[in-house]
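Chemist: Quick one: the structure is below, questions incoming.
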Amino acid sequence: MCQMLLSIYPEHVTNICRGTKRFEFRKVRCKANVTKMIIYATSPIMQVVAEAEIIDVIEDEPAIVWETTSKYAGISKKCFDNYFEGKNKAIAYQIGEVIQYSVPRDLLDYGIHNAPQSFVYINEP
């Protein structure tokens, strides 16, 4: 099993954990065999706070990805459009089961010294 650790803004992390955001959007697709995302909440939290199952990856033109994901995007159309402005491809990771950690973890627990700009592959701890 391959995992990726993603840096995500705290407000989006909250919505992922609540189940109101069931897609995580990215401009670059990871390896096809990644089945789990480890969620690092960016500043001011700066800790690994949850993990989530990846149940599907949608890759298409931004308009088509929005049409497919908008009900549970967890972000506004304006935010989506701003993020993918000038891009002809959008990636949406469909989130399955989410496990919120009762005790947040440090990046060093995963052998990572700095938060990734987007994501980094990690081995299972």
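The values are calculated or read from the model by the stated rules, or taken from the named source; none is laboratory data. What you see is a predicted model; the values in this text were computed from it and never measured. Here the Cβ is made from the backbone with ideal geometry for all residues, glycine too, and neighbour counts use every protein chain on show.
Yes/no per residue for (1) surrounded by fewer than 18 Cβ atoms within 10 Å (Cβ to Cβ); (2) on the phi > 0 side of the Ramachandran plot; (3) within 14 Å of the chain's Cα centre (by Cα); (4) not charged (D, E, K, R):
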{"residue": "24", "(1), (2), (3), (4)": "no, no, yes, no"}
{"residue": "40", "(1), (2), (3), (4)": "no, no, yes, yes"}
{"residue": "44", "(1), (2), (3), (4)": "yes, no, no, yes"}
{"residue": "58", "(1), (2), (3), (4)": "yes, no, yes, yes"}
{"residue": "86", "(1), (2), (3), (4)": "yes, yes, no, yes"}
{"residue": "97", "(1), (2), (3), (4)": "yes, no, yes, no"}
{"residue": "104", "(1), (2), (3), (4)": "yes, no, no, yes"}
{"residue": "117", "(1), (2), (3), (4)": "yes, no, yes, yes"}
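Chemist: What's the total number of residues in region 80-121 that are at pLDDT below 95 and under 21 Å from residue 23 (Cβ atoms)?
Modeler: 6
Chemist: Given (1) part of a helix (DSSP H, G or I); (2) of a type in the set (Ser, Thr, Tyr); (3) buried (at least 20 other Cβ atoms within 10 Å of the Cβ), where does residue 14 come up short, assuming only one miss?
Modeler: (3)
Chemist: Counting only residues that are out of contact with any helix residue (DSSP H, G or I) (no Cβ under 9 Å at 6 or more places or on another chain), in a strand (DSSP E or B) and not hydroxyl-bearing (Ser, Thr, Tyr), which one in region 88-122 is nearest to residue 14 (Cα to Cα)?
Modeler: 99
Chemist: Now, a different point. Within the set of pairs 6+ apart or on separate chains, which have a first residue in region 60-72 that is at pLDDT 95 or above, a second that is aromatic (Phe, Trp, Tyr), and C-beta atoms under 6 Å apart?
Modeler: From residues that are at pLDDT 95 or above, the pairs are 62/84; 66/80; 69/23.
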